[in-house]
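Everything on this sheet refers to the single structure shown next.
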Amino acid sequence: MKLDILAIGAHPDDVELGCGATLAKEVANGKKVGIIDLTRGELGTRGTAETRDEEAANAAEILGVHTRENMCFADGFFVNDKDHQIELIKMIRHYRPEIIICNAVDDRHIDHPKGSQLVSDACFLSGLKKIETVYKAEGQKQEPWRPKTIYHYIQWKDLEPDVVVDVTGYMDAKEAAVLAYKTQFFDPQSKEPETPISSKNFTDSINYRARNLGRLIGVEHAEGYTVERYVAVESLFDLK
Ligand SMILES: [Zn+2]
């Protein structure tokens, strides 16, 4: 299956929090969208790898994405090396996305910038034809593929975005997809330990941060991204 957008996160729920509304909007616009989680989030304080598998599947259904896979890399300990890059190159060449969206370039959780750099490096290497790969059991040598653009969503830290997407009308889908991770977020009934993302303030921040970015560009809600190269336009009139 060829995808228009492949969104990648170190942990299940990174993508929902980082770019859930953008994905829901692009799906509604008829784009083919997929998600890859690098790990199963097995080191998360709350819930288990199994509960998060189930929550991730529910969230994918809410966003309407066409596929979701898990690389099963080691939560907390995966590294940006040849083995991990090759596994990701196989996925990039299989799905041939025009756009990759991935983790924040700088953040509180060490897996976020690490995942960000790993994905970025894999995107570059995926375009080199002398790196030979075979996808799963298909047995056929894959063709090189390099996505046109990489966008990095913004996570815990308030980074300055380079590109801001109007996601007005898609916040309900985003919030429902995030809250599909029932074990992770605010739940006054939960007996599990508090974490930085289980507070009511964190859950509320999903909406107020989007509203604030929206305010700054004159719309209801927005999601922001950083990019690795200049934003290029055909004409100065292209910007919203
Ligand atoms: Zn994460």
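Taken about its Cα centre, region 41-172 carries a charge dipole of about 680 debye when Lys and Arg each add +1 at the Cβ and Asp and Glu each add -1 at the Cβ.
Considering only protein heavy atoms, with the full assembly of protein chains and a 1.4 angstrom probe, order Y208, Y151, Y95 by accessible area, largest first.
Values: Y208 115, Y151 55, Y95 10 Å².
Of Y208, Y151, Y95, the descending order of accessible area is Y208, Y151, Y95.
With all protein chains in place and ligands, DNA and RNA left out, the 1.4 Å accessible area ranks F73, F124 as F124, F73, largest first. In terms of Cα to Cα distance under 18 Å, which lysines are near enough to K240, apart from those fewer than 8 places away along the same chain? The reachable lysines, counting only those whose Cα sits under 18 Å from K240, are K25. Taking 37 °C and 0.692 mPa s as the conditions, I'd like the Stokes-Einstein D for region 5-238 in µm²/s, using the Kirkwood hydrodynamic radius from alpha carbon pairs. In µm²/s, the coefficient rounds to 181.
Of all the accessible heavy-atom surface of the chain, with the other protein chains kept in place and a 1.4 Å probe, what percent is carbon and sulfur? Each step should come with its number before you reach the end.
Values: 6560 of 12270 Å².
Carbon and sulfur together cover 53 percent of it.
When the surface is traced with a 1.4 Å probe over the full set of protein chains, K90 keeps roughly 50 Å² accessible. Taking trypsin sites (Lys or Arg not before Pro) across region 1-66, the ones in a DSSP loop with at most 13 further Cβ atoms lying within 10 angstrom of their Cβ are K2. Taking θ as phi - 60° and the Karplus parameters 6.51, -1.76 and 1.60, the scalar couplings of region 14-24 work out to 4, 5, 4, 5, x, 8, x, 6, 4, 5, 4 Hz in sequence order, x denoting glycine and proline.
What does the charge count near Q142 come to, summing +1 for each Lys or Arg and -1 for each Asp or Glu among other residues with Cβ under 12 Å from its Cβ? That sum, taken over residues with Cβ under 12 Å, equals +3. The string of couplings for region 207-221 from the Karplus curve (6.51, -1.76, 1.60, θ = phi - 60°) is 7, 5, 5, 5, 5, 5, 5, x, 3, 5, 10, x, 10, 5, 9 Hz, one whole number per residue in order, with x for Gly and Pro. Peptide packing for 180-186, 167-173 was compared via the average number of neighbouring C-beta atoms within 10 Å per residue; ordered from the highest value, the list is 180-186, 167-173.
Tell me the net charge near A210. Cut-off is 15 Å between Cβ atoms, A210 excluded, with +1 for each Lys or Arg and -1 for each Asp or Glu. Numbers along the way, then the final one.
Details: positive: K25, K174, R209, R211, R215; negative: E16, D158, D166, D172, E175, D204, E220, E223.
With Lys, Arg at +1 and Asp, Glu at -1, the net is -3.
Scanning residues 5 or more positions from C102 or on other chains, those with amide H under 5 Å from its amide H are I8, Y151, H152, Y153, with H placed 1.01 Å from N in the peptide plane.
Solvent exposure of L128, expressed as accessible area, is near 70 Å², computed with a probe of 1.4 Å over the protein chains only.
Compute the Cα gyration tensor for region 18-128, then decide on rounded, prolate or oblate, letting a ≥ b ≥ c be the square roots of its eigenvalues: rounded whenever a/c is under 1.5, prolate when a/b is larger than b/c in the other cases, and oblate in all that remain.
Values: a/c = 1.63, a/b = 1.05, b/c = 1.55.
Oblate is the answer for region 18-128, as a/c is 1.5 or above yet b/c matches or exceeds a/b.
Quick one: work out the % antiparallel among DSSP beta bridges in region 5-238, nearest 5.
Working: 8 of 25 bridges.
That works out to approximately 30 percent antiparallel.
The C-alpha radius of gyration of region 144-240, expressed as a fraction of 2.2 N^0.38 Å, stands at 1.32. Around the amide H of L38, modelled in the peptide plane, lie the amide H atoms of G9, A10, H11, M71, all under 5 Å away and 5 or more residues distant in sequence or on another chain. Rolling a 1.4 Å probe over the protein heavy atoms gives region 5-238 an accessible area of 50 Å² per residue. Converting phi to 3J(HN,Hα) with the Karplus coefficients 6.51, -1.76 and 1.60 and the offset θ = phi - 60°, region 163-174 yields 10, 10, 9, 6, 10, 3, x, 10, 6, 4, 5, 4 Hz in sequence order, with x at every glycine or proline.
Per-residue ellipticity at 222 nm for the chain, helices alone: DSSP H runs ≥ 4 residues times -39500 (n - 2.57), over residue total, nearest 500 deg cm²/dmol? Intermediate results must be reported in sequence, preceding the final value.
Numbers: 6 runs with 87 residues, N = 240.
The per-residue figure over the chain is -12000 deg cm²/dmol.
The values are calculated or read from the model by the stated rules, or taken from the named source; none is laboratory data. Predicted model, so just to flag it, every value in this text is computed and none were measured. Note: ideal-geometry Cβ built from the backbone for every residue, glycine included; neighbour counts use all protein chains shown. In case anyone asks, the SASA skips ligands and DNA or RNA and just uses the protein heavy atoms, side chains included. Shrake-Rupley method; radii C 1.70, N 1.55, O 1.52, S 1.80 Å.
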